[in-house]
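Taken together, the values in this text are just the output of simple stated rules run on the coordinates, not laboratory data. Here the structure is a predicted model, which means the values were calculated and not measured. Note: ideal-geometry Cβ built from the backbone for every residue, glycine included; neighbour counts use all protein chains shown.
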Amino acid sequence: MTKYILQRVIAMILTMIVVITVTFILMHAIPGGPFASEKNLPPQIKANIEAKYGLNKPLYQQYFDYWAGLLKGDLGPSYKYPGRTVNDLIGDGFPISAELGSYAILVMLLIGIPAGIISALRQYHWQDNVVMVFATLGVAVPGFVLATLLIYVFSSQLGILPAARWLSWQHKIMPTIALSAYNVSFIARLTRSSMLDVMSQDYIRTARAKGLSEAAVVIKHALKNSLIPIVTVLGPLIAAVLTGSFVIEKIFAIPGLGRQFVDSVSNRDYTTIMGVTIFYGAFLVIMNLIVDIVYVFIDPRIKLAD
Amino acid sequence: MRKKSLVVLLAVLMVISVAIAGCGGGSQPQQQTEQAQQTEKPKEIVIRYNLGAQPETIDPALNSAVDGANVILHTFEGLVNLDEHQQPVPGVAEKWDVSDDGLVWTFHLRNNAKWSDGQPVTAKDFAYAWKRALDPATGAEYAYQLYYIKNGQAFNEGNATADDLGIKVVDDYTIEVTLEAPTPYMLQIFAFPTLFPVRQDIVEKYGDKWAQQADSYIGNGAFKVTEMAYQDHITMLKNENYWNKDAIKPDKLIFTEIVDESTILASYENGEVDVIDTMPSEEIARMQNDPNSGFVLGANLGTYYIDFNNQKAPFNNPLVRKAFSLAIDRKAIVENVTKGGQLPADAFVGPGFPDADPTKQFHDVQGPFYDVTKANIEEAKKALADAGYPDGKGFPKVTYLYNESQGHQNIAQALQEMWKQNLGVEVELASQEWQVFQETRRRGDYDIARDGWLADYTDPMTMLDLFTSNSGNNNAQYKNPEYDALIDKAKKTNNEAERMQAMHDAQQLLLGQDWAIAPLYFYTDPYAAKPGLKGMIADPLGFKRFHFAYWENQ
């Protein structure tokens, strides 16, 4: 097990090196730069700014400079916000995205999984139909449409919830719903099909044949196994949700990391693009590793052999 | 049935434990609640304005955006201020003298002006700020706002030292500035945020970071920043050290940073902010018709226009450019497409710029270059026929380039239809991402492209300067030595009537003779302020000023 984890960590580091290098190349390959603006700058002023941030150096030199900073944990200065570092941007944005993401994950698990289970156990009954109608809607309606609709109904029309910003608990209701709707539906569908699959297994029949009550069959034998596919998707899902959603954060004016990421690309804020990509990438590979380790505990068939 | 519900209950419980395991430690609620905002003292004047995107910086030297300037105008003060009619009034300077040749300006500073930490504002603070903004190492984008100062450009380009600059500190309260050329609108420039003073000790202690945290952000303006929550809001309180604090009405300003247009409007209508200047354009008609919406269609100095590539066939022929410009129904575009209350453009310099006689406007003195109420089809067709393409026959395939945005796309489609209907010419449309678009357009790698320009100061020069042969913003690639000579003449003369005439002549060449570009509409500044808010200034450069704003019924 230790050896396995060690191997995975090495693979993760290699993955990150590739991610960093490819991002660096792609970012410099697209036209434009951090200091391009509609009002064209006199060439000398542009040169002054580029010299200030070392962008006049050859590209390979910039690449190695970046690594030198990165190994010290320094993600560099933001080009777009003079005086702020990328570490500052992530430090300010991530806690807020993570808070919103945590609420969304909680809603996703507390509603998605039970809904899926009910739906599977009452297959083709009205409960199933109701859940599946909502699950289809949740997957089909994009988050930004739902967000706009929520604002229209609860802020503009009813005036009972604030439309924007991230202040009190009232401010957090609509963003949480908008962010989790898709994933609740997705998890509900996944749980349902997984549960249905498990319920038709031989060992369930055996359990029933032993004379166990239906409750014992479901809880003791079915539930644990039906959760395995959920755990598989949870890793990347949690990473994605916690690091923030551009659309939801923009619509509700939430100062999170998701907005930073997309804005940095359109701003060509090179260091921010790199920093947030690295942060997100590292988060993702670590979540995947955790999922793989969790497997061992919930699925007896899996051994992390070498 | 009872068994089933038990199953469900247990399932829920189990899931909760999974949930807690799944996100333990991930949740770190960060409180940014402004308690003060909720529990205001009854008589405090608080104004909440939605600034838009988080300003990139609020350092006077480094800022080049309207949002940043909106904060700086409240937290700093220059030698002169602009009143609600854009006329210069004393700021830190009590009075000033100009030499007869218009080159040497001497400012006498008031001796009771103070920084927000209580230190006096002196001539040295201005000299330091200007040298810093021009210093190549500072990397200031708007350094060119100080190129009027003698050797300003040379120093910024590394061809002179700071000592060569035409800036002389005579004593603590007197500063003398020598210019490169007489500049009649120089007081407007002295009121521009790039020329505001900054504190040497603060900047040297904190570096660029000084303007990114409330503690070190020391200003000399009417307000001081007490809170900066990134991408959320900036809170300012009245600066008790400000020399003119008794004239300042608001006790507190909260500038929020909501960016989504629909959300901005929703939070305004829901009472979360008091003043907004961004809203979905499709809502503007509704707000205009609602007397309680607080909607105002303000002026904004700037023009939306299209570039013809003057160096590339077929648009290197003035007759073709004329035909394309005249075939546009500008009234239809503002009424049916943009719908934001814009004014159809009959010239490049719009209303709002004074002429030599300050009671008249530059725009009105010159008169329209064409009829904007309809497409001038006959004239357009004739021009196209004269150019060798009767009824559009044999006209090569050309493309209209714009940057990705619904608004620009709607205009592009309307133009495409007008050119097809009125000239019989097929124009293809292409869009590019903003940054890519800017590069393509600047290189001149297009046939027709959208463009727009907002004034930096209230003089026609800010517009007409664009089309000199070596201007970095001459995206139309227009080159006419006669035009260059007229602009040069206007820049050098000290005679106001002569200067304005040269600029009128230049515009006549640009539009009346060469048809270098096709102006579509003059920008407007649609904004909304809660009824009851008085004394707010929305100036045509896009700045909102709240120094003297108050609530009528408070």
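Quick notes on this structure:
- Farthest positive-ward along region B:181-279 dipole, Cα basis, beta-carbon charges - from B:193, B:253, B:235: B:193
- Estimated distance in nm for a label pair at residue B:386 and residue B:110, the labels positioned 7 Å out from Cα along Cα-to-Cβ: 5.9
- Gaussian network model of chain A, springs between alpha carbon atoms under 10 Å - residue of A:158, A:89, A:284 with greatest fluctuation: A:158
- Modelled label reach - residue B:430, point 7 Å along Cα→Cβ, region B:391-416 residues with backbone N closer than 17 Å: B:396-405, B:409, B:412-413, B:416
- Counting other Cβ atoms within 10 Å as a rough exposure proxy, the listed residues A:179, A:149 run A:149, A:179 from fewest neighbours to most.
- Sites residue A:8 and residue B:201, calculated FRET efficiency, Cβ-Cβ separation with R0 45 Å, nearest 0.05: 0.30
- In this rough spin-label picture, where each label sits 7 Å from Cα along the Cβ direction, the residue A:297-residue B:288 distance is 6.4 nm.
- Look at the stretch A:224-230: the mean tally of other chain Cβ atoms within 10 Å of its residues' Cβ atoms is 1.
- Here A:274, A:1 are placed in order of increasing Cβ neighbour count within 10 Å, fewest first, which gives A:1, A:274.
- Within 10 Å of the Cβ of each residue in B:225-233, the mean number of Cβ atoms contributed by other protein chains is 5.
- With a 10 Å cut-off around each Cβ of A:83-89, the average count of Cβ atoms from other chains is 4.
- Nearby aspartates and glutamates by direct alpha-carbon distance to residue B:492 (threshold 18 angstrom, same-chain neighbours under 8 apart not counted): B:100, B:101, B:180, B:355, B:459, B:465, B:482, B:484, B:505
- Sorting A:134-147, A:161-174 by average packing, meaning the other beta carbons within 10 Å per residue, from highest down gives A:161-174, A:134-147.
- Per-residue [θ]222 nm for chain A (sum of -39500 (n - 2.57) over DSSP H runs n ≥ 4, rounded to 500): -22500 deg cm²/dmol
- Taking 17 Å as the straight-line reach from the Cα of residue B:374, the aspartates and glutamates in range (excluding those fewer than 8 positions away in the same chain) are B:329, B:335, B:346, B:417.
- Entries of A:80/B:479; B:124/B:238; B:360/B:530; B:131/B:479 with Cα pairs more than 27 Å apart: A:80/B:479; B:360/B:530; B:131/B:479
- Part-to-part distance (alpha-carbon centres) for region B:477-522 and region B:361-399, which is given in Å: 20
- Estimated FRET transfer efficiency when R0 is 60 angstrom, pair residue B:409-residue A:212 (beta carbons, to 0.05): 0.40
- Taking a ≥ b ≥ c as the square roots of the eigenvalues of the Cα gyration tensor, an a/c ratio of 1.5 or more together with a/b larger than b/c marks the protein assembly as shown as prolate.
- Measuring against 23 Å, Cα to Cα, the residue pairs B:95/B:489; A:172/B:534; B:43/B:249 contain B:95/B:489; A:172/B:534 as the ones spanning a longer distance.
- Taking GluC sites (Glu not before Pro) across region B:169-241, the ones in a DSSP loop with at most 12 further Cβ atoms lying within 10 angstrom of their Cβ are B:240.
- Gain in span if fully extended, residue B:371 to residue B:548, counting 0.36 nm per residue against the direct Cα distance: 59.6 nm
- Restriction of the trypsin sites (Lys or Arg not before Pro) in region B:346-436 to DSSP coil positions whose beta-carbon has at most 15 other beta-carbons within 10 angstrom yields B:360, B:374, B:393, B:397.
- Restricting the chymotrypsin sites (Phe, Trp or Tyr not before Pro) of region B:96-150 to loop positions (DSSP other than H, G, I, E, B) with no more than 14 neighbouring Cβ atoms within 10 Å leaves nothing.
- Cross-link reach is defined here as a Cα-Cα straight distance under 16 Å, omitting same-chain residues fewer than 8 places apart; for residue B:397 the lysines meeting it are B:312, B:420.
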